[in-house]
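The values are calculated or read from the model by the stated rules, or taken from the named source; none is laboratory data. Owing to the predicted nature of the structure, the values given are computational and were not obtained by experimental measurement. Using ideal geometry, Cβ is built from the backbone for each residue, glycine included, and neighbour counts are taken over all protein chains shown.
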Amino acid sequence: MSPTVAADLLTLSYHSDLNIFVGRWGYQPTLEQLPEAYALLRRQTVALGSRFWLQDIRRRVFNDPATTH
């Protein structure tokens, strides 16, 4: 986990049987936390060679279009 991304912000897991990388958001991050969190998700997915990733955003209430696009 990146030192700038709080451990309780994202729970990351890889399901090799489905080749899916899952990121579960623990809470609504600040806009400042989003770029590094998405970069971490991307780095982990690429490192595992997974073409698919799933985000569980049930604990998030706002998605900033400028950051998440």
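Here are the criteria: (1) part of a loop (DSSP other than H, G, I, E, B); (2) at pLDDT 90 or above. Tell me which single one residue 24 does not satisfy.
(1)
Mind telling me which of the residues 34, 48, 41 ends up being modelled with pLDDT under 90 and surrounded by 12 or more Cβ atoms within 10 Å (Cβ to Cβ)?
Selected residue: 34, the only one of 34, 48, 41 that is modelled with pLDDT under 90 and surrounded by 12 or more Cβ atoms within 10 Å (Cβ to Cβ).
Check whether at least one residue in the range 30-52 is free of Cβ contacts under 8 Å to residues at least 40 places away in the same chain, out of contact with any strand residue (DSSP E or B) (no Cβ under 6 Å at 6 or more places or on another chain) and part of a strand (DSSP E or B), and report yes or no.
Checked against the condition, which is being free of Cβ contacts under 8 Å to residues at least 40 places away in the same chain, out of contact with any strand residue (DSSP E or B) (no Cβ under 6 Å at 6 or more places or on another chain) and part of a strand (DSSP E or B), the range 30-52 yields no hits at all.
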